[in-house]
Amino acid sequence: MTDEPAPRSNIPEYSVSELSGSLRKTVEETFSFVRVRGEISGFKRHSSGHMYFALKDPEAVLDAVCWRGQASRLGINPEDGMEVIATGRLTTYPGRSKYQMVVERMELAGQGALLKLLEDRKKRLMAEGLFAPERKRPIPFLPDVIGVVTSPTGAVIRDILHRLAERFPRHVLLWPVAVQGEGAAAQVAAAIRGFNALAPGGAVPRPDVLIVARGGGSLEDLMAFNEEVVVRAAAESEIPLISAVGHETDTTLIDFASDLRAPTPTAAAEKAVPVRAELIAGLAEQQARLVGAMMRGLADRQGRVAQTFRAIPHPRRVIEDCARRLDDRGERLDNALPNLVERRRIELDRLSARLAHGLRAARAAGQALAEREALQLDQLSRRLSEAMPRLLDDRALRVENAGKLLESYSYRKVLERGYAVIRDEHGHPVVAAAEARPGAVVAVEFSDGVVQAVMQGKPSPSAPKMRKPPPPDGRQGNLL
């Protein structure tokens, strides 16, 4: 059988590289511009600046990459679980037979997804304690220097300066930043930290209060003030901070981390300083009240002095009254000493009479008491002499009865009835046959004495072994 050549086919043959290149060209030409909606999964930012992730929905997964140049212009920070709409093109990766999307732009998929992202971020930062009320510091009543973080070209800074000039002009330091777009969040955070880094008393005065302000806008326009870096910078600020972002109905995450939230930038300026005219009016009112109080007090004290002066008598009358009282006291003193001596003598005679009477009564009472005690002592002596013999007889009887009872319990009474007590060589009683060892020397106690004997017989299997006694020498008999 001869080998025949295989029939030639008209299907073209491709190398792997040719086929991969053709597929890549077809995919890139067909899908050169696509918008894909999906949820970010497996997000990873490489050290080179490139971002790798996947877009997925309930039924499929699409690998995606965003090169470093485009990543810096996305406007949002991608995170796992974020639903986005990515714009770019499809391409293949021949080295692994995979296709992927090269993302050039990215936006959140609807306001609902953005609100969910902000709510999740708010819960996470709240769990860390960044919004705790005890972290908030009071705003100074009248700051000397006010630091403002906002755009230098917008209407916000003009509104703030105008309101401060109307209420109470203060020294204002502006830190110009971008308030939306790429890099705005980093600039705002750097401005807050920069103001806090100023040394007190330095060439650039350190603000006493900070105002972070921005005009109104959409939720996407205010996203810079929802970024985590801005919220953390506001929470870490040692200078009291007022947030004034958007209009009254707008709420951003920096509002929760700031020490005070103002509905508008103009309101922030109003909360930062009091009204100078009101303070002047208040001071004038306080001054008028103080002057009035002083005048009323002075008039009251003048009236009290006049009343006191009228109540004080003439000095000459005071001296004359004192001289009259002095003469009266001198006369009474001359008569007082003899009267005192006479009263003391009468009192002494009365006390002497009472003392003599008391001594006589005491002697009589002492004699009667001594007689009663002698009688009681005699009676107690007779009772003691009669009770002692009775007590001794009673104790002797009790001892005699106890001795008889003890004698009745003695084992010697049992020995008198014909029993004996067997003790081993250690003096311990042998109370069971199992304890008897053949050949053991024991002591047998009878009622009239003790004899020694040698045990005979077969030992019990449970009895312990004892020392074998020496062979009998015929001088004593066997008990068993």
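The values are calculated or read from the model by the stated rules, or taken from the named source; none is laboratory data. As the structure is a computational prediction, the values presented were derived from the model and not from experiment. With ideal geometry, Cβ positions are generated from the backbone for all residues, glycine too; neighbour counts draw on all protein chains shown.
A few notes on this one:
- Residues being over 20 Å from Q180 (Cα atoms) and crowded, with 18+ Cβ neighbours inside 10 Å - total across segment 63-90: 8
- Note on segment 234-333: enclosed helices (runs of 4 or more DSSP H) holding 3 or more residues that are aliphatic (A, V, I, L, M), under 30 Å from V149 (Cβ atoms) and touching a residue at least 24 places away in the same chain (Cβ under 8 Å) are 253-257, 265-272.
- Counting only strands (runs of 3 or more DSSP E) that fall entirely inside segment 83-202 and contain at least 2 residues that are without any contact (Cβ under 8 Å) to a residue 60 or more places away in the chain, within 30 Å of L55 (Cα to Cα) and outside the structural domain of S237 (by TED's automatic domain parsing), the qualifying elements are 83-93, 98-108.
- When each of V209, V179 is tested for being more than 20 Å from L114 (Cα to Cα), crowded, with 16+ Cβ neighbours inside 10 Å and not basic (K, R), the lone residue that passes is V209.
- Candidate set from segment 92-106 (those that are surrounded by fewer than 16 Cβ atoms within 10 Å (Cβ to Cβ) and among the charged types (D, E, K, R)); member that is nearest to R68 (Cα to Cα): R105
- Qualifying residue in segment 217-226 (condition: of a type in the set (G, A, S), surrounded by 19 or more Cβ atoms within 10 Å (Cβ to Cβ) and within 27 Å of the chain's Cα centre (by Cα)): no
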